Amino acid sequence: MRTHPYVVAAWIPLAAGVAVLGAPGRAHAQSADEYVLILLDRSASMGDAAVTGATTPAFWDNAIAAAQNRVQHDKLTLKGDARPARAYAVWTFFDDTCSKCPSNVCGCPNTQKNVKQIWPLAVGDCGTGKGGAYEGSSDMCVFAAGEAGDKMYDQLKNKVLAGLSKQRPGSHNNTPLAESLCYAVERLQMAAHDKPKVLLLETDGGENSSTTPCSGFGSVPLPGDGFNKKQEGWGLTLGSWQETFLRRTIRIGRFPPRPDDPQANAAQEKAAVSFVRGVLLPAEKLPSTLSLHADLHYAVCDPANPSSTPCADTDRSADLPSRELVAKTGPKRPSIHPGELSFFKALVPNLSSSELREFVRVPAASLGTKHKLAGDLDDSGCVDESDLDLMTGKDVWFQRALPPAQAAVRADLNHDGWVNQKDATILLSTWGKGCGKSASKKPPLPE
């Protein structure tokens, strides 16, 4: 873990692979109005192609772009007449441990098991004096309210998240989804139990390797993709990871996390799962201060090619036995486990200010527009300010570029389904072409 010379480890991790920071004499006062934890699935299946007939972009690239889009939205979103001060941290999860493969393959012990905080890793990451500040009580970066925090939003989008495109998904099909969700909710609860909290999740599902009390087999899909709160278990398969995760989330106030003692924390987690009869009860309620922004990345399996990636991955069929699920749904099923898709659809309406987006594999023909002159979005024959203005418009910049969003489709110069700095770099590389003497000085890369 990279650290600043004057930063020392002061938190005992909740579990192996949860990297956290602390600083001597750190303040424990909360300075943010709300807390956002970005949780990115880096398991092997996130490297599957997000476009039919092409190797790029992968689901991982879509996940990064979708997270950038969420951060851009936060930058532009006001609560009342002002933008609140928000605290951010970025985590990844995958399981590439020694127990799953030989040490000469995995490079043990330098592997990541379940979740790991990858930003911030030092006080200086929070842009002290530039609209951001490190908060020791949460190990997160607080972005100043109003325009003062703009630089930090841009740093998170364009440096931190964009830089993750170089860190490709892991090489082993081990996905500790349930475990990672529980740790993320615990961290948010510790950071701000009485403040608004947002878990921003990017995943393709496929839970198959969690080991904590939050683990379990997959639940069958919920009828109508909704919870039945009149039933124990709320309609979820009893003992499924979805039900155990909900139990931990609902009972976290009664059995709070214990970051000072990993064994005590595990005991708290187990107690929350097994409290009373060990199942969700009809009268229980989800936390009112927790929100979920979930982006699910998956493909709809082609009946003509049921063995294609990721549709041939049996680990995605996580209920028991997996053969029964495949037999029921046939080859034209979502690559994400149907019970997981149904669970997230049911969960979002039960958490305040939450949202679910589904990014389904798209045909290559739907991405981008070919221009006679690269960067000439309006096809005027000149690459200039009018083209850059079109690209950086509110409804285009950092937005999804798929029909019917025609303006965004025209601005998707690298044909990856998003409009961001990758496209702006192409536009600026042809700046002034075709403009003759009217060409203006090339502007900086837009934020």
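The values are calculated or read from the model by the stated rules, or taken from the named source; none is laboratory data. Because the structure is a prediction, the values reported are computed rather than measured. Ideal geometry is used to build each Cβ from the backbone, glycine not excepted, and the neighbour counts take in all protein chains shown. Accessible surface is based on the protein model in full, side chains and every heavy atom, while ligands, DNA and RNA are left aside. Shrake-Rupley method; radii C 1.70, N 1.55, O 1.52, S 1.80 Å.
Values as computed for the structure displayed
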| read-out | value |
| --- | --- |
| Residue pairs, from the table 116/442; 159/195; 166/441; 130/422; 166/370; 151/197, whose Cα atoms sit over 29 Å apart | 116/442; 166/441 |
| Principal-axis tilt of helix 241-250 within the chain, Cα atoms, nearest 10 degrees | 90 degrees |
| Considering only the chain, percent of DSSP beta bridges that pair antiparallel, nearest 5 | 35 percent |
| Where labels lie 7 Å past Cα in the beta-carbon direction, separation of residue 77 and residue 228 in nm | 3.3 nm |
| With DNA, RNA and ligands ignored, accessible area of residue 250 (1.4 Å probe; Å², nearest 10) | 30 Å² |
| Relative contact order %, the chain, counting alpha carbon pairs below 8 Å whose residues are six or more apart | 15 percent |
| Proximal charge balance of residue 51 [Cβ under 11 Å; K/R count +1, D/E count -1] | -2 |
| Other-chain or far-sequence residues with amide H under 5 Å of residue 198's (modelled H) | 35, 36, 37, 291 |
| Label zone at residue 355, where the point sits 7 Å out along the Cα-to-Cβ direction: segment 395-425 residues whose backbone N lies under 15 Å | 395-401 |
| Area accessible to solvent at residue 247, 1.4 Å probe radius, in Å² | 10 Å² |
| 3J(HN,Hα) from dihedral phi, segment 364-370, Karplus parametrisation 6.51/-1.76/1.60, rounded to Hz, x for glycine, proline | 4, 5, 8, 9, x, 10, 8 |
| Computed [θ] at 222 nm, deg cm²/dmol, the chain (DSSP H ≥ 4; -39,500 (n - 2.57); rounded to nearest 500) | -7000 deg cm²/dmol |
| With all protein chains modelled, accessible area of residue 422 [1.4 Å, Å²] | 100 Å² |
| Full-stretch length increase - residue 281, residue 165 - with 0.36 nm per residue and alpha-carbon distance subtracted | 37.5 nm |
| Charge tally in the Cβ shell below 9 Å around residue 282, where Lys, Arg are +1 and Asp, Glu are -1, residue 282 excluded | 0 |
| FRET efficiency for residue 380 and residue 312, using Cβ-Cβ distance with R0 set to 41 Å, rounded to 0.05 | 0.30 |
| Largest-first principal axis extents, alpha carbons of segment 44-86, Å | 46, 18, 9 |
| Accessible area, probe 1.4 Å, largest first, for residues 285, 370 | 370, 285 |
| Net length gained if the chain between residue 442 and residue 130 were fully extended (0.36 nm per residue, minus Cα distance) | 109.7 nm |
| Dipole magnitude (debye, nearest 20) for the chain, charges at Cβ of Lys, Arg, Asp, Glu | 380 debye |
| Among 174-186, 257-269, the order from most to least packed when residues are scored by Cβ within 10 Å on average | 174-186, 257-269 |
| Percent accessible area from carbon and sulfur atoms, the chain, protein chains only, probe 1.4 Å | 55 percent |
| The chain, accessible area per residue, ligands and nucleic acids excluded (1.4 Å, Å²) | 42 Å² |
| Paramagnetic reach from residue 52 (point 7 Å along Cα→Cβ, amide N under 19 Å) across segment 271-312 | 297-312 |
| Shape category assigned to segment 323-447 from the gyration tensor of Cα positions, a/c cut at 1.5 | prolate |
| Interchain or long-range residues, amide H under 5 Å from residue 357's placed H | 294, 295, 296 |
| Length-normalised contact order of segment 173-269 in % [C-alpha pairs under 8 Å, at least 6 apart] | 30 percent |
| Nearest-ten-degree value, helix 338-347 long axis tilted from longest Cα axis of the chain | 90 degrees |
